[in-house]
Amino acid sequence: MKAITSKLKQFLFLSLIIFYPTIVFSQIQGAVRDTSNQPLSFANVLLLNQKDSTVATGMMATEEGTYSITNFEPGTYIMGVSMIGYKPAYSPSFVIKTSNDHHHNEPIFVEGDSHQLEDVNVVALKPLYEMKIDRMVVNVENSITSSGSTALEVLEKSPGINVDRQNNAISMNGKGGVMVMINGKQNRMPMEAAVEMLKTMSSDNIKRIELITTPPSKYDADGDAGIINIVLKKNDDFGTNGSFTLGAGIASREKLEASLNLNHHIEKINYFGTYSVTYNNARQNIDTYRKTMQDNMILESGSESGREALVTFQNFRVGLDYTISSKTVLSILGSGYLRDWEADALNEIYYKTDEVLTGQSNLKMTEYSKWMHGMANINLQHHFKEEEILDFNFDYLNYHNDNPSYYTIENFDNEGQQQPGEDIDVTKITPINIMVGMLDYTNQINPKLKVEAGAKGTFTMFKNDIGVSYLDLGIWSFDQELTNKYSMNENIMAIYSSVSYSLSDKTSIVAGLRYEYMNSVLDSETEKGIIDLHYGELFPTIYFSQKLDKNNKLQLSYSRRIDRPTFNELAPFVVFMTPELFLSGNENLLPAFSTVLKTDYQYKSVILSVSYTDTKNAISRFQPIYNEETDRTYFVSQNFDSQKITSAVLTFPIKVTDWWKMQNNFTFIFRKINTNYEGENLDYATNNYRINTIQSINITKNMSAEFAGYYQSKSFQGIYEWNPIGRLDIGVQWKLKNGNSRFNLNLSDVFKTNIIRYTADFPELKIYNTWMLDFEPRILRLTFTHNFGNSAVKTRKRTTASDEEQKRISN
């Protein structure tokens, strides 16, 4: 490990030496605004010689209305702005004295031209859903009921997305193995931790969500279902500004949230920071039932669990961008979170033999779980030319989880007389350290041709110390089956290349190839080489896009993916539901490989996506396994030999009136499973559908309402059959006259129908169990959001080397 660290330090040092002494050029930056102080996206910006108004150079403003011009000689200039529907506007003259001057213009305000836009009403809102060549974009900031809710709740309303709150899992188009990224940066944590993070991430900080079912070769091949990229809001102006959100909610217990965003840009330095905190005092109900056959007797047990859980989640992100020159930017980023979970539960359990009550138990549980995470990133980006970029990233990440839990079991016979009980203590300490280095090169050679290439190395060190001990008749003893210490070392080296080419104005193609080589070794104190994997694989991707006419567009894609088990799934944890029911891990899990074919068709704003995925060793999470010798049922992740999924997603808006619009999504999934499950051959096919709808209503100029709901038919996950489920949310938004503040009042799960029920029924495996999960989804929330400061700071869109590394840690 020391040798690896030394090499990475040398690589970082040499990279800084190579790229720091870059040539310095002049740079002019500024922003374009309309008369209401809103960004004027994609306006034409020209640098004009003051003497004769000839054009020195020019560009198109960004979507946020900003511009940055380089490559010009010293002289006296003015800026000119033009756009259809607006009158030309010009800046005061200014002087560039030397070849390394940096000039920051005041915003240029552009007035609308009434002669050109007479009787035309321009609305600058994007559609809720947009189809790109390799992804679907959900523009969250345009949704009313999303305000004041969480990122996870927004995902639940998105096309093709299914959220399993009990198992803390997310599937896309019927497939697990989803990778979650923030601003193009993967959170290297298992899905359980990512779901917890999304539960506490305010949707008011989200600009859009990108659903990437066939990720390009630039991204890690991990995640057979694809990538969910959450892009946070950023202010792209000059000066100082920010926003804050305050919110409160009530269900059976209180909920509180607050967040603060700040940006400050002066000369060559841009500072930015985000902090959020949520407080969730919740009551949860979990019912389980188990039936099995043993020695020709029917054994039954059931439990009703009432949980009082208190979760506090703090999340921060701070950094700065330093403009070394007009072509080189150095960035430093730090981020992290602190999650405290405390829960008290009472499980009331009964036992029957041949339908006769034989005993009862009360299991009292107290659980604590503290997750601490910190990440440091350094990024150096150099522009050889305007469209030729070299980007270097180095990340160091640390996670630490302390997760003790304490159980007291009181036993009673069938007549209610107390019997000897026992105490159970579970300890779990998990430190994880990750280092990631990444180098990316991008070159837009000409308007038709773009090439990308890069390399990446990831080095992970993981430990898991878990102990389960019992107090029986005054004596503590360890459970040898569940107690162990694990250590894992893993490194993944990758290189990739990609070519994008426009055959014509209507036809484009993107082709990429990624190679990954992995070494992964998992040991325990009792067994060495539990996992000892060393393999290299190629992951090709190809996209084809054809605009048939102005209203019709067709896209085709092919990709190969891998779904690696999370660290937590490999090194077991233990959660007691009853003395006979456990949630645990499976150190024998193998990675799953998938081939994905996808086609998209768009007619105006109607989008139809059809995909086919063939997966070997598909990972199905938290499946039941019965141990007849110990009479225990374990819920662990399992490999299924073959899983084939065909899915179709139809997205279509309907404009009922000028004040009433609706967005509808319909998802159909056909799944075929073939596997050997605990010695039994399972071969079955299932199908299900899901309907999402969002109804948006403008009440007045400053007030609007939204109704959002979904219904999902009976479905399958692994060997579990899920009951139909649905939900309706309503929300009202009121914008204050100053335009910088708004109130949102939301009620989620109006009819309290979002209660999860599912069953596993396989007599040949001696498995029959049911679950009922009520996670208190009905919440009334009131939030207030205010934007403040100068509307003129530019923040750089930041990614880091470990964007795709923070998926495999769990909390």
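The values are calculated or read from the model by the stated rules, or taken from the named source; none is laboratory data. Since the structure is predicted, the reported quantities are computational estimates derived from the model, not experimental observations. Because the Cβ atoms are built from the backbone with ideal geometry, glycine has one as well, and the counts that use them run over all protein chains shown. Surface accessibility is based on the protein's heavy atoms, side chains included, excluding ligands, DNA and RNA. Shrake-Rupley method; radii C 1.70, N 1.55, O 1.52, S 1.80 Å.
Odds and ends about this structure:
- Filtered residues of region 529-550 (kept if at pLDDT 90 or above, more than 15 Å from D505 (Cβ to Cβ) and more than 28 Å from the chain's Cα centre (by Cα)): H534
- Residue within region 753-762 that is at pLDDT below 90 and aromatic (F, W, Y) present: yes
Quick grid of which residues meet (1) in a strand (DSSP E or B); (2) under 19 Å from L554 (Cα atoms); (3) touching a Lys or Arg at 6+ places or on another chain (Cβ under 7 Å); (4) at pLDDT 90 or above:
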| position | (1), (2), (3), (4) |
| --- | --- |
| L608 | yes, yes, no, yes |
| T615 | yes, no, no, yes |
| R621 | yes, no, no, no |
| F635 | yes, no, no, no |
| N639 | yes, no, no, yes |
| S642 | yes, no, yes, yes |
| I645 | yes, no, yes, yes |
| P653 | yes, yes, yes, no |
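- When region 205-231 is filtered for residues that are at pLDDT 85 or above, more than 19 Å from D563 (Cα to Cα) and open to solvent by less than 10 Å² (accessible area, probe 1.4 Å), the ones remaining, listed by number, are I209, I230.
- Answer residue from region 409-424, given it is more than 11 Å from D472 (Cα to Cα) and surrounded by 14 or more Cβ atoms within 10 Å (Cβ to Cβ) and is modelled with the lowest pLDDT among those: N414
- Identity of the residue in region 756-773, crowded, with 16+ Cβ neighbours inside 10 Å and within 26 Å of the chain's Cα centre (by Cα), that ends up farthest from F707 (Cα to Cα): Y758
- Matching residues in region 763-811 - criterion: being at pLDDT 80 or above and in contact with a His (Cβ under 7 Å, 6 or more places away or on another chain): none
- One residue alone among D600, D563 is open to solvent by less than 50 Å² (accessible area, probe 1.4 Å), among the charged types (D, E, K, R), farther than 30 Å from K655 by Cα and modelled with pLDDT of 85 or more, and that residue is D563.
- Those residues of region 450-473 which are open to solvent by 10 Å² or more (accessible area, probe 1.4 Å) and of a type in the set (A, V, I, L, M), in sequence order: V451, A453, A455, M461, L471, L473
- Some residue of region 39-62 being open to solvent by less than 40 Å² (accessible area, probe 1.4 Å), more than 37 Å from the chain's Cα centre (by Cα), at pLDDT 75 or above and more than 27 Å from I324 (Cα to Cα): no
- Checklist (1) on the phi > 0 side of the Ramachandran plot; (2) surrounded by 18 or more Cβ atoms within 10 Å (Cβ to Cβ) applied to E490, failing item: (1)
- So E516, is it at pLDDT 95 or above, of a type in the set (D, E, K, R), under 25 Å from the mean Cα position of the chain (by Cα) and part of a strand (DSSP E or B): yes
- Scanning region 306-341 for residues that are of a type in the set (S, T, N, Q) and free of Cβ contacts under 8 Å to residues at least 60 places away in the same chain, we see that the one that is most open to solvent (accessible area, probe 1.4 Å) is Q314.
- Selected residue (criterion: least open to solvent (accessible area, probe 1.4 Å)) from residues of region 646-674 that are among the β-branched types (V, I, T) and more than 30 Å from the chain's Cα centre (by Cα): T657
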